[in-house]
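Visitor: Structure in structure tokens, see below.
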Amino acid sequence: MDYMKKALDCAKKAEKLGEVPIGAVIVKDKKIIATGYNIREKSQNAIDHAEIIAINRACKKLKSWRLDNCEIYVTLKPCPMCAGAILNARIKNCYYGVENQNDKDALIEKIMNDSKLFNHKTKLIYLPNEQCKTILTQFFKQKR
């Protein structure tokens with residue numbers, strides 16, 4: 001199954017709401033257990049990022065805050081807040097389709113991969129995806 005395509009489908013739902021089109025999918029044992037997309041504007045809640053929503057749903061489904069052996073697929077490299085949530089949920093791998101191209105990337109790499117900071121690491125895996133890039137680029141062109 002193409003999990004990044006499913007994350008992109010979630011991003012399109014956010015776009016229809018006028019939200020920044022970012023989507024997330026959490027997978028365990030090759031099955032999607034949770035999805036999420038940005039709803040910050042709709043909810044007027046600063047933490048309603050795609051990853052946070054997907055993590056909350058996965059925790060409810062598994063009845064645990066520990067998402068051991070889960071993977072998350074996100075259309076855009078997570079921000080520092082989401083990277084911290086992914087790490088604290090103990091998600092094994094984080095796949096993302098678009099780089100942020102900014103100074104936060106070094107912080108995210110440190111959060112996820114520095115074993116001296118935490119006793120758990122999440123592996124960041126870049127899966128370049130032109131569709132993920134296009135939807136974000138077009139969204140921001142329309143806004144500016």
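The values are calculated or read from the model by the stated rules, or taken from the named source; none is laboratory data. Keep in mind it's a predicted model, so treat the numbers as computed, not measured. Note: accessible area is taken over every heavy atom of the protein model, side chains too, but ligands, DNA and RNA are not part of it. Shrake-Rupley method; radii C 1.70, N 1.55, O 1.52, S 1.80 Å.
Visitor: To the nearest 10 square angstrom, how much accessible area does LEU62 have with a 1.4 angstrom probe?
Guide: 60 Å²
Visitor: Multiply the residue separation of LYS143 and GLU109 by 0.36 nm, subtract the distance between their alpha-carbon atoms, and state the gained length in nm to one decimal.
Guide: 9.3 nm
Visitor: Test of understanding: in a Gaussian network model of the chain with alpha carbons linked when under 10 Å, which of ASN93, ASN69, ASN56 would top the mean-square fluctuation ranking?
Guide: Result: ASN69 has the largest fluctuation of those listed.
Visitor: What does the helix-only formula give at 222 nm for the chain: each DSSP H stretch with n ≥ 4 adding -39500 (n - 2.57), the total divided by the residues, and the result rounded to the nearest 500 deg cm²/dmol?
Guide: It lands at -13500 deg cm²/dmol.
Visitor: Give me D for the chain in µm² s⁻¹, whole number, from Stokes-Einstein with Rh from the Kirkwood sum over alpha-carbon pairs, 25 °C and 0.890 mPa s.
Guide: 164 µm²/s
Visitor: For the chain, with all protein chains present and a 1.4 Å probe, just round the carbon and sulfur fraction of the accessible area to a whole percent.
Guide: 49 percent
Visitor: For the stretch 35-84, divide the Cα radius of gyration by the Kirkwood radius and give the resulting Rg/Rh value with two decimals.
Guide: Numbers: Rg = 11.0 Å, Rh = 11.4 Å.
When Rh is taken as the Kirkwood radius, the ratio is 0.96.
Visitor: Mind checking Rg over Rh on the stretch 1-82, alpha carbons, Kirkwood formula for Rh? Mind showing how you got there, number by number?
Guide: Numbers: Rg = 11.9 Å, Rh = 12.4 Å.
Rounded to two decimals, Rg/Rh equals 0.96.
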